[in-house]
Structure formats: C-alpha cells, structure tokens
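Visitor: Here it is: the structure, laid out below.
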Amino acid sequence: MTRVVVCRASEADLDVLAPLVAESLSVGPVGGWLVPEASARPLVLGSYARLLVSWGLRHGQVDTTGDRSVVAVWFRRVEVPVPSAGWMYDLHRTLGAYASRFALWHAYLDAVVPPVPHAYLAHLAIRPGREDAVRVLLAACHRVLDIEGLPAFAECLGGRPREGVLAGCGYAPRLPIGLEPGGPALWRMWRPAPDAGRSCGGFPPRVRLRRGVTLLRGRRVSSLPGPC
C-alpha cells in the first residue's frame, strides 16, 4: 500500500481540490436538489465548491493528502454560530439566481447545530478508490480532537449512514434533516469525545433551532501536519 501523507492545504491547492468537492456533490442527490437544471449544474456546483474551499482556507482548515485525492473542510465551532453577512454576500455574488437554494440548504443545517463546542466537518470529498486515504486523513484529524476532548459533527449525504466512511471512523447517525421542497434526507453524524458519557453517545439531548443562514465562523483546528 502506498504511504498516505496527510497535510494542510493552501491556496495553491484550490484549483485541484475545488473540482473534487464539486464532483462529490454532483454524484449524489443533494447536487440535483441544489441545482435542478442539469445543464447549469456543473458550473454552479463548481463555483460553490470553490467558494466553500476558499472559506475553509481563510476561516477554518482544509486538510488533504499528498496526492490530493481527499479533501476535508473543517471549522471549529466553540459556540453556536451566528449568521455571517460575509458568507451570504459571497454566496449571492458567486451564484446569483442559484444562491437562494444554497442559502436554504445552509439554513437547514444551521437549524440543527449541536449547542456544544465541536469540530464541524463541513465537507469531505474522496476520489473514487481512495477510501484507504480518507481513513488515514480522518484518523490524523481525530487524534488532535481526542487530545483536546472535542467531539466532531458532520452530515452524511448518502442513504446508508451506518455503512459509509464516517461510520467506519466512529461517527454514529442521529435524526436526519429532510430537505424541502422535495429533497433528500441528510443524516447528522456525531463522533463523541473520548470521555463522553454513554447517553446518546455524547450527543446533546436536544438541538437548538435557529433562523437565518450561515456557513460558520470558526477557529482553526490546530496541530495537524503542515504543508506537503
């Protein structure tokens, strides 16, 4: 097996990693819900993916592998995030008429933010056949979180949350988020901190419902390997 090198992404990786994120969105049901017009989907998802990775580089942390076959966009949530005017401005400036559906998507996600400090895995994209690499990458991230005693939260875009990569890395599914109108369900995935209690696997007993749209405004998840 080829050795997997985990490292911090930089602006120089944007042109490689953004298409990987766009492709991961386009192959699942969420991409069709976000951009119903098939002819416009590649361009719109590509623009959104570039914006998301750019925000991760500036406001969070983007981890990748030496061959750039995996990308993970992380944000630190030390408190329930507040709406970000900057994100909304960038979203509408970048996507134009298509921004409203993406804004609705993030409103759904914001409505179920766990009201405890955690690391948020905003997006995970994998080149086909590189599941071994994503496990190595996530293990490196989780070692840091475990030392800090910080849980992790993500959403599963697939229909079998107990069988995917996240489940294999210690994430357990909670109640799904139903996207309306006519959209798929997103499963909330929770990886508790090592010292979490057994009740609900450390997941908060309730979620705090919020209005408005935000990506998240976080601090970096620290101490992962440097550039490669």
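The values are calculated or read from the model by the stated rules, or taken from the named source; none is laboratory data. Fair warning: this is a prediction, and the values are worked out from it, not measured in the lab. Every residue, glycine as well, gets a Cβ built from its backbone with ideal geometry; the counts of neighbours run over all protein chains shown.
Visitor: What helices (runs of 4 or more DSSP H), lying completely within the range 1-69, carry at least 1 residues that are within 16 Å of ALA125 (Cβ to Cβ), small (Gly, Ala, Ser) and out of contact with any helix residue (DSSP H, G or I) (no Cβ under 8 Å at 6 or more places or on another chain)?
Guide: Those helices (runs of 4 or more DSSP H) span 14-26, 41-59.
Visitor: Let me ask something else. Among the listed residues ARG135, ARG101, identify the single one that is surrounded by fewer than 18 Cβ atoms within 10 Å (Cβ to Cβ) and closer than 22 Å to SER54 by Cα.
Guide: ARG101
Visitor: Pick from the range 168-189 the residues that are among the small types (Gly, Ala, Ser) and within 18 Å of ALA103 (Cα to Cα): which of them is surrounded by the most Cβ atoms within 10 Å (Cβ to Cβ)?
Guide: Checking each candidate, the answer is GLY183.
Visitor: Among the residues of the range 133-189, what is the count of those that are at pLDDT below 90 and at positive phi?
Guide: Result for the range 133-189: 1.
Visitor: Is there a residue being among the charged types (D, E, K, R), surrounded by 18 or more Cβ atoms within 10 Å (Cβ to Cβ) and either at pLDDT below 85 or closer than 13 Å to ALA111 by Cβ (or both) anywhere in the range 190-209?
Guide: no
Visitor: Kindly list the number of the only condition in (1) closer than 24 Å to LEU137 by Cα; (2) crowded, with 17+ Cβ neighbours inside 10 Å; (3) among the hydrophobic types (A, V, I, L, M, F, W, C) that fails for MET88.
Guide: Going through the list (1) closer than 24 Å to LEU137 by Cα; (2) crowded, with 17+ Cβ neighbours inside 10 Å; (3) among the hydrophobic types (A, V, I, L, M, F, W, C), MET88 breaks only (1).
Visitor: Within the range 45-68, is there a residue that is over 14 Å from the mean Cα position of the chain (by Cα), under 23 Å from GLU148 (Cβ atoms) and polar (S, T, N, Q)?
Guide: Yes, there is a match, as at least one residue in the range 45-68 is over 14 Å from the mean Cα position of the chain (by Cα), under 23 Å from GLU148 (Cβ atoms) and polar (S, T, N, Q).
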